[in-house]
Each structure stands twice: as structure tokens, then as C-alpha cells.
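The values are calculated or read from the model by the stated rules, or taken from the named source; none is laboratory data. The model shown is predicted, which means the values in this text are computed figures rather than measured ones. Heads up, the Cβs are rebuilt from the backbone with ideal geometry, glycines too, and the neighbour counts pull from every protein chain shown.
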Protein chains: 2
Amino acid sequence: MKAFQDHYPENLAHCYGCGRLNTHGHQIKTHWDGEETVTHFTPESYHTAVPGFTYGGLIASLIDCHSTGTAAAAMYRAQGREMDTLPPFRFVTGSLKVDFLKPTPLAATLEIRGRVKEIKGRKVIVETTVLAGGVATVRGEVVAVQMPENFGA
Amino acid sequence: MKAFQDHYPENLAHCYGCGRLNTHGHQIKTHWDGEETVTHFTPESYHTAVPGFTYGGLIASLIDCHSTGTAAAAMYRAQGREMDTLPPFRFVTGSLKVDFLKPTPLAATLEIRGRVKEIKGRKVIVETTVLAGGVATVRGEVVAVQMPENFGA
């Protein structure tokens with residue numbers, strides 16, 4: 001099954017966190033799991049904070065891209081559209097909040113789970129939790145904003 | 001002049017964002033500039049979000065490590081101690097909040113500026129701004145917490 005990110009239009013598929021065309025990047029893949037969204041990601045050995053634990057900046061990055069992907073998928077779902085229909089929805093991050101609940105071991109594949117809290121106009125608020133070995137270690141909230149047509153102009 | 005990160009004890013110098021011993025990492029270097037702290041960082045061409053703009057997860061990472069470094073330096077300064085005196089202060093991130101004010105161009109060397117908002121017991125709150133070409137594009141706030149002796153135990 002294609003991941004959310006496999007549907008991103010080519011010009012928007014270069015993101016370091018989630019772009020399938022960024023060969024240096026993380027290339028995360030997110031899917032629906034019922035009402036939640038899920039990404040699995042295995043950090044590299046050098047993605048370390050204090051030795052033995054996962055770098056917080058990487059975790060923030062995973063939360064960010066997982067959440068913007070979730071926002072896009074949720075908007076398609078809310079409109080009863082498949083993700084490969086046009087026009088494409090693509091979201092950027094308005095704000096990112098990350099609470100580090102406890103250290104995240106580096107050994108494990110991380111599970112990143114998202115839940116849509118609210119869809120309001122062009123904004124989607126996503127709550128995302130990072131779990132290591134089934135234990136929630138980090139909680140994030142992203143306000144994702146539908147990318148304006150004139151982004152960066 | 002040595003940067004804050006050059007004073008981190010060896011076992012705490014492996015962080016992907018700021019550890020001088022992490023050869024894969026960003027190895028950021030932060031210094032005092034009066035009452036503020038400053039880091040300069042040039043993203044790689046592949047640190048892209050939408051083409052032409054800097055990846056938000058990288059920016060969050062820079063804010064994170066810049067702010068924990070600032071927290072440590074501020075605690076030494078508050079106690080009238082040099083950063084190479086013992087025992088070492090080292091901070092971890094309790095929470096990280098990032099507001100993306102506008103897209104951050106990828107072409108430029110970024111300037112990351114921190115300001116200590118509050119020192120309260122073992123916590124230091126740092127407000128950090130990211131500037132590209134002199135324009136503030138991202139604002140962050142980090143609650144940094146002095147690393148417990150039993151971190152990760």
C-alpha cells in the first residue's frame with residue numbers, strides 16, 4: 001500500500017524528512033491505522049543525544065513530517081477524496097511543540113502515532129506520540145497549515 | 001575562543017546536533033555576544049523542505065542544541081564560574097516550541113540567537129530566534145533542564 005508521502009507531487013517530494021526523492025533524507029512513510037496514523041523509523045547509531053539515547057532533534061523532525069503528512073491525509077479523508085486526486089493537498093508547519101517525557105532509547109525502531117485533534121479551515125492540528133518499545137517517550141503537537149499557492153514568494 | 005560545546009565533558013560530546021565528537025552530526029558552535037548567544041550554521045543543499053527553503057526539522061534541531069548550550073553557559077555565568085570548571089553543567093530539553101514565522105531560504109548562512117528568559121532552580125528557559133539574511137524567520141522557546149545524575153537509568 002502506498003504511503004501518504006508516495007502521493008506528494010514531485011516538486012514537493014524533496015523534503016529532508018519525508019521526501020521520497022531526497023536521497024540524503026529520512027524518507028519516512030506514514031499510513032492510516034484506523035483513526036490514527038503510524039510511521040516506523042529506525043534511527044542510525046549516530047543519531048545520538050547522550051550515548052544510548054535518540055537525538056531529540058531527530059525526534060522533533062519525525063514528529064514534524066509525520067504530522068504534516070497526517071494533516072494532508074486527514075484533509076483528503078474529510079473531503080472523501082483519494083490522495084492521488086487533484087488538486088493535491090500539501091501542508092507546511094505553522095508551529096511545532098515537543099514535550100520530552102523521558103529519554104528515548106536508541107536501540108529500538110520508533111513508532112510514531114498521530115491523531116487529528118481538529119480541522120479548522122486550512123489548519124489541521126495533529127497530536128503525535130513517539131513510542132520506543134511500546135513506551136511513550138515524547139509527545140508532540142503540530143499546527144499544520146495548507147501550503148499557500150504563493151509559498152516563499 | 002572556545003565555544004560552549006568545546007567545554008562539554010567527553011561522555012556528553014556525542015550529540016548529533018552539538019557534539020564535537022559526532023563526526024556525522026552538525027557540530028554547532030555557540031558563543032556569547034553580550035547578553036545574547038549566537039551560532040552560525042550553513043545548511044547543506046539537501047537540507048531542504050520545499051525546494052529553495054530550509055528543512056524545518058533541521059531548524060528545530062539547531063534551536064534545540066543552541067538553547068541547551070545557552071542554558072549551560074547561562075548557569076555557569078549566573079554562578080560566576082568559567083565553563084571549564086567542575087562539576088560540569090549539562091542540560092537536556094524538557095520541551096521545545098517552534099513557531100515558523102515565514103519560509104527560511106536555503107541559500108544563506110543562518111544566524112541563531114538566544115536570550116535567557118528565566119533561570120529557575122534546575123530549569124533555564126531560552127528564547128531563540130533564527131535569522132536568514134538578517135530576517136527573523138523562526139522563533140523557538142526551549143525549557144532546558146539540568147541533566148539528572150541518573151539520566152536514562
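Assess whether residue A:128 counts as being over 27 Å from residue B:149 (Cβ atoms), modelled with pLDDT of 95 or more and surrounded by 20 or more Cβ atoms within 10 Å (Cβ to Cβ). Yes: the conditions hold for residue A:128. Scanning region A:19-28 for residues that are more than 10 Å from every other protein chain (Cβ to nearest Cβ) and surrounded by 19 or more Cβ atoms within 10 Å (Cβ to Cβ) returns A:27, A:28. Scanning region A:19-50 for residues that are assigned to a strand (DSSP E or B) and more than 13 Å from residue A:61 (Cβ to Cβ) yields A:30, A:31, A:32, A:33, A:36, A:37, A:38, A:40, A:48.
If a residue must be part of a loop (DSSP other than H, G, I, E, B) and either more than 8 Å from chain B (Cβ to nearest Cβ) or surrounded by fewer than 18 Cβ atoms within 10 Å (Cβ to Cβ) (or both), how many such residues does region A:1-18 contain? Within region A:1-18, residues that are part of a loop (DSSP other than H, G, I, E, B) and either more than 8 Å from chain B (Cβ to nearest Cβ) or surrounded by fewer than 18 Cβ atoms within 10 Å (Cβ to Cβ) (or both) number 7.
Here is a yes/no grid of residues against (1) among the aromatic types (Phe, Trp, Tyr); (2) more than 23 Å from residue A:99 (Cα to Cα):
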| residue | (1), (2) |
| --- | --- |
| A:7 | no, yes |
| A:11 | no, yes |
| A:16 | yes, no |
| A:21 | no, yes |
| A:28 | no, no |
| A:32 | yes, yes |
| A:36 | no, no |
| A:46 | yes, no |
| A:51 | no, no |
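Summed over region B:54-96, the residues that are at the interface with chain A (Cβ under 8 Å from one of its Cβ atoms) and of a type in the set (Gly, Ala, Ser) give a count of 6. Would you check if there is a residue in region B:114-135 being assigned to a strand (DSSP E or B) and more than 17 Å from the chain's Cα centre (by Cα)? Checked against the condition, which is being assigned to a strand (DSSP E or B) and more than 17 Å from the chain's Cα centre (by Cα), region B:114-135 yields at least one hit. The residues of region A:51-76 that are part of a helix (DSSP H, G or I), touching a residue at least 40 places away in the same chain (Cβ under 8 Å) and more than 13 Å from residue A:126 (Cβ to Cβ), listed by number, are A:56, A:59, A:60, A:61.
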